[in-house]
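What follows is a set of notes on a single structure, which appears directly below.
The values are calculated or read from the model by the stated rules, or taken from the named source; none is laboratory data. Fair warning: this is a prediction, and the values are worked out from it, not measured in the lab. Cβ: placed from backbone, ideal geometry, glycine included. Neighbour counts: every protein chain shown. Side chains are part of the model used for accessible areas, which takes the heavy atoms of the whole protein and leaves out ligands, DNA and RNA. Shrake-Rupley method; radii C 1.70, N 1.55, O 1.52, S 1.80 Å.
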Amino acid sequence: MLEVPIEKFRDAKREQIQELVHDSIIVPDDLQDNVFVTTLDNVYNWSRKASIWPLLFGLACCAIEMIATAASRWDLARFGMEVMRPSPRQADLMIVSGTVTKKMVPAIVRIYDQMAEPRYVMAMGACATGGGPFKEGYNVVSGIDTYIPVDVYVPGCPPTPEALIFGLLKLQQKVERQSITKVAWYRKGSSEAVPIPVLGADIFDPRQVQLIQSVTLSGGGGTKGDGESARRSVTPVPLSPEAKAKVRAAKAKAMAARQPA
């Protein structure tokens, strides 16, 4: 069995607890091996940052890098984050890893609402951050932060495990700066659920219903107009007989071109 000198052990112990020691209160030398003075915020944040449980949740190729980060080569257990929970009620961190499609947004927001405070969100990769290479796609949203608050952004397509670990360390630094007297989850009425987006012909945020109505019903002008004129502006206009004849002629020509010679 390897024996560690007592002085070396004490030096390592002092180094580990240095970040938790109170700035102004000095402990006598004869008590420093057994007593140290700290603050409630330091103990509270130290325990939280060392036991952040991520949600077992992946969307696309970035999830493969997240899985690799949790495996033996990079070993998230060094940071106390290896316990990925399948239930949002037991998770502290949602890592949105992959392309966020409009079909998935309602499910993501619903899972976020089911997570208990304190909860954090990390946008992993270019797609979750701003849409990535699919930004102009008809079925992809330009970043998950348009629907739920994001704490840390990890760029890359996909980010490497080292980049994800760097983002997790930044999240730990954010946790260290929080105060138990100012955090939102201990204040009455300051933490509210995010309305689940509605997916129909397109996806929209229920919080923007008034804005959408003012734009669409006014013909795109962005101001509220007369109700009758607004309804007339969005009423479909039937095709004229000449236009219908042109459509029929075009269909007949296309069908004739498909016939074998």
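Sort out which residues of the range 62-100 are among the hydroxyl-bearing types (Ser, Thr, Tyr) and farther than 19 Å from Tyr153 by Cβ, and write them in order of number. Ser72, Ser87 - these are the residues of the range 62-100 that are among the hydroxyl-bearing types (Ser, Thr, Tyr) and farther than 19 Å from Tyr153 by Cβ.
If we keep just the residues of the range 52-84 that are without any contact (Cβ under 8 Å) to a residue 40 or more places away in the chain and farther than 18 Å from Ala123 by Cα, which is least open to solvent (accessible area, probe 1.4 Å)? My answer is Gly80. Test Pro149 against the stated conditions and say whether it is of a type outside the set (A, V, I, L, M), in contact with a Pro (Cβ under 7 Å, 6 or more places away or on another chain) and more than 15 Å from Ala60 (Cα to Cα). So Pro149 does not fit the description; no. Taking the stated definitions as given, is Gln178 farther than 22 Å from Leu59 by Cα and within 18 Å of the chain's Cα centre (by Cα)? In short, no. All conditions but one from (1) free of Cβ contacts under 8 Å to residues at least 60 places away in the same chain; (2) closer than 26 Å to Asn45 by Cα; (3) open to solvent by 70 Å² or more (accessible area, probe 1.4 Å); (4) of a type in the set (A, V, I, L, M) apply to Ala193; the one that does not is (1). Scan the range 130-159 residue by residue and report those that are polar (S, T, N, Q) and either open to solvent by less than 50 Å² (accessible area, probe 1.4 Å) or not in a helix (DSSP H, G or I) (or both). Hits for the range 130-159 are Asn139, Ser142. Of the candidates Val175, Val198, Val237, the single residue that is modelled with pLDDT of 70 or more, hydrophobic (A, V, I, L, M, F, W, C) and exposed (fewer than 10 other Cβ atoms within 10 Å of the Cβ) is Val237. Gln210 falls short of the stated requirement of being polar (S, T, N, Q), exposed (fewer than 13 other Cβ atoms within 10 Å of the Cβ), under 19 Å from the mean Cα position of the chain (by Cα) and at pLDDT 75 or above.
List the number of the failed condition for Ala126; all other conditions in (1) among the small types (Gly, Ala, Ser); (2) in contact with a Ser or Thr (Cβ under 6 Å, 6 or more places away or on another chain); (3) closer than 14 Å to Cys62 by Cα hold. In the conditions (1) among the small types (Gly, Ala, Ser); (2) in contact with a Ser or Thr (Cβ under 6 Å, 6 or more places away or on another chain); (3) closer than 14 Å to Cys62 by Cα, Ala126 misses (2) alone.
For the range 57-73, give me the residue count where each residue is touching a Pro at 6+ places or on another chain (Cβ under 6 Å) and modelled with pLDDT under 90. The number of residues fulfilling the criteria is 0.
Applying the condition of being open to solvent by 50 Å² or more (accessible area, probe 1.4 Å) and of a type in the set (D, E, K, R) to the range 85-117 and asking which residue is nearest to Ala184 (Cα to Cα) yields Glu117.
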